[in-house]
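The values are calculated or read from the model by the stated rules, or taken from the named source; none is laboratory data. All values reported here derive from a predicted model rather than from experimental measurement. All Cβ positions, glycine included, derive from the backbone under ideal geometry; neighbour counts span all protein chains shown.
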Amino acid sequence: MGKGRSVKQIRTVSLIAALAMVFSSVSVLFGCSRDGEQGLIYLGSFLSSDVYICIYDDASSSTEFIAACKKTVDEYEKTLSVKGNGDVAAFNDLRFGEKVKVSSLTAELIEYAKTLNEETGGAIDPTVYMLVDLWGFSYRFDEFYMPEKPFDRARIGDALPLPEEKYVSAFLSITDIKAVGVKRDQDGIYLFKNCPSVAVDGTEYEQKIDLSSIAKGALSDALKDIAASYGVKNYYLSLGMSSLYLGEKDGGAWETLLVDPKDDSRAEIGSVLLKNKSISTSGVYEKNYRLEDVTVHHIIDPSTGRCAETDLLSAAVIGENGVLADALSTALIVMGSERAKEFIKNYPELDFVLVKDGEILSTIDMSFVKEGYSLTRL
Amino acid sequence: MIAALAAVSVFFCVPKKGGAAEVSVKGERVALIDLASGEIQTFSDGASVDGNRLTVMTDAGKNVIEIDTDKKAVRVVDADCVGKECMNFDLSSGAIICAPHSLIINISGEIPSPKVG
């Protein structure tokens with residue numbers, strides 16, 4: 001073989017290189033640069049919610065970054081889902097008096113839930129799971145539901161007939177997060193089931209937990225930390241469209257749209273500008289059914305065993321901490337607007353948007369407000 | 001030849017404003033829909049057109065998008081994702097997202113605004 005290349009080959013290679021440079025520079029000029037992973041990317045399913053990240057032209061985003069995010073979503077799902085055999089499922093399988101070793105993630109979430117349970121006067125309590133299932137809002141009702149448990153009823157259209165009172169009071173008696181013990185040993189962390197089971201018509205029911213009212217916020221915090229470690233700044237995360245983390249948009253804020261709780265087409269009620277903040281919402285409209293004249297929704301009041309009787313249609317909480325925002329958004333619905341207005345004074349570092357019928361109460365400026373709603377600044 | 005290539009790049013890369021819906025999967029454009037005329041251009045083997053319907057097949061799954069030229073709106077009429085959230089919308093502006101398929105139908109020419117609730 002001769003040394004080097006012929007002159008003709010060099011010219012062809014140079015021409016191709018020049019064309020490639022022109023093409024890519026024109027592409028960059030018109031905003032089509034695709035270095036690393038950009039745009040909308042699905043990261044997985046967590047507690048029946050779609051998790052995705054939307055990356056806005058951030059050169060730090062890479063395949064490794066996305067893979068790290070997907071791995072975390074998967075770990076959280078395996079650990080915290082009531083399905084499968086992670087920590088939550090293992091705790092739920094325990095009998096009264098038994099214990100199970102869990103990860104620090106699970107233990108910390110339980111401890112956090114216990115603290116918030118006290119701070120909110122019992123408005124939030126992950127041990128409502130048996131009630132959530134009784135009223136038809138657990139994962140069993142996500143797709144095809146067939147009555148199988150002694151307390152199950154057949155659907156009438158979209159609705160589920162009222163449960164028998166004996167089950168409501170039985171499951172209420174096993175609703176108490178204070179009865180979940182957390183103990184750190186040399187060989188690990190353990191959860192203890194200290195709540196006695198309850199019997200109805202000869203069947204025993206044990207206390208069960210469901211962390212879905214706080215866990216999405218925890219996952220969004222974890223993903224936010226991964227983004228920070230990779231240097232990715234321009235993005236937002238959406239977890240089931242009910243817990244979001246807004247990073248930056250080209251260094252600025254994201255105009256974040258709030259869904260109108262009364263509008264079936266998911267139109268917007270208003271928007272807020274958020275940068276490097278978490279926002280979580282809870283609403284009575286998310287999962288519900290009509291039974292005669294009443295709307296039965298999925299937010300159970302841990303003190304009554306029924307869905308919360310509330311004048312709030314939705315509540316949004318904004319702050320740096322995703323878990324706190326997630327937990328409080330549920331608690332505020334249970335409290336109702338009067339109790340909520342007093343309660344939020346304990347958190348001056350957070351922002352709140354409370355929606356009632358025809359009225360929005362907000363501690364933060366809203367960029368637009370839908371016609372038909374009045375805005376009261378708190 | 002360079003000029004021709006540049007012109008082609010401009011054609012592919014400049015998003016049309018107003019009356020156009022861009023369909024992308026994982027940030028890559030797969031189709032462009034002109035809402036006024038109903039014309040659909042595809043940029044990927046996974047996208048195919050049949051009348052006023054666009055079928056997008058990816059490794060993640062399938063979505064079938066229908067264009068209503070009277071209302072100048074788009075909707076997803078079939079999807080094999082579990083939640084089928086994307087099938088709830090009939091929009092003439094904004095974005096329809098199928099998260100499990102990383103698919104966005106974007107009618108405003110910008111990255112979809114975050115929505116919560």
Spans of strands (runs of 3 or more DSSP E) in segment A:318-378 with at least 1 residues within 24 Å of residue A:302 (Cα to Cα): A:351-356
Of all residues making up segment A:98-121, the number that are out of contact with any Asp or Glu (no Cβ under 9 Å at 6 or more places or on another chain) and of a type in the set (Gly, Ala, Ser): 2
Among the candidates A:244, A:211, A:172, residue that is surrounded by 17 or more Cβ atoms within 10 Å (Cβ to Cβ), of a type outside the set (Val, Ile, Thr) and assigned to a loop (DSSP other than H, G, I, E, B): A:211
Total residues in segment A:45-69, condition closer than 25 Å to residue A:81 by Cα and touching a helix residue (DSSP H, G or I) at 6+ places or on another chain (Cβ under 8 Å): 12
Answer residue from segment A:92-125, given it is hydroxyl-bearing (Ser, Thr, Tyr) and assigned to a loop (DSSP other than H, G, I, E, B) and is surrounded by the most Cβ atoms within 10 Å (Cβ to Cβ) among those: A:120
Members of segment A:101-144 that are within 20 Å of residue A:172 (Cβ to Cβ), in contact with a helix residue (DSSP H, G or I) (Cβ under 8 Å, 6 or more places away or on another chain) and among the aromatic types (Phe, Trp, Tyr): A:129
Counted residues, segment B:71-117 - those being at the interface with chain A (Cβ under 7 Å from one of its Cβ atoms), farther than 12 Å from residue A:54 by Cβ and either within 12 Å of the chain's Cα centre (by Cα) or of a type in the set (Gly, Ala, Ser) (or both): 2
Tally of residues being more than 24 Å from residue A:336 (Cβ to Cβ) and part of a strand (DSSP E or B) across segment A:270-294: 4
Selected residue (only one of B:49, B:14, B:10 is of a type outside the set (Lys, Arg) and modelled with pLDDT of 85 or more): B:49
Hits in segment A:137-146 - residues which are surrounded by 12 or more Cβ atoms within 10 Å (Cβ to Cβ) and assigned to a loop (DSSP other than H, G, I, E, B): A:137, A:138, A:142, A:145
Residues within segment A:262-285 that are touching a residue at least 12 places away in the same chain (Cβ under 8 Å) and either facing chain B (nearest Cβ under 7 Å) or small (Gly, Ala, Ser) (or both), tallied: 9
Residue in segment B:52-70 that is surrounded by the fewest Cβ atoms within 10 Å (Cβ to Cβ), counting only those that are over 12 Å from the mean Cα position of the chain (by Cα), of a type in the set (D, E, K, R) and away from chain A (no Cβ under 14 Å): B:70
Residues satisfying the stated conditions in segment A:217-259, i.e. more than 8 Å from chain B (Cβ to nearest Cβ), among the acidic types (Asp, Glu) and on the phi < 0 side of the Ramachandran plot: A:221, A:225, A:248
Single residue of B:117, B:83, B:19 found to be at pLDDT below 90, crowded, with 17+ Cβ neighbours inside 10 Å and at positive phi: B:117
Some residue of segment A:302-314 being closer than 28 Å to residue A:136 by Cα, not in a loop (DSSP other than H, G, I, E, B) and not polar (S, T, N, Q): yes
Long-range neighbours under 9 Å by Cβ, at least six apart or interchain, first residue surrounded by fewer than 16 Cβ atoms within 10 Å (Cβ to Cβ) within segment B:25-48, second of a type in the set (D, E, K, R) and in a loop (DSSP other than H, G, I, E, B): B:28/A:34; B:36/B:72; B:46/B:59
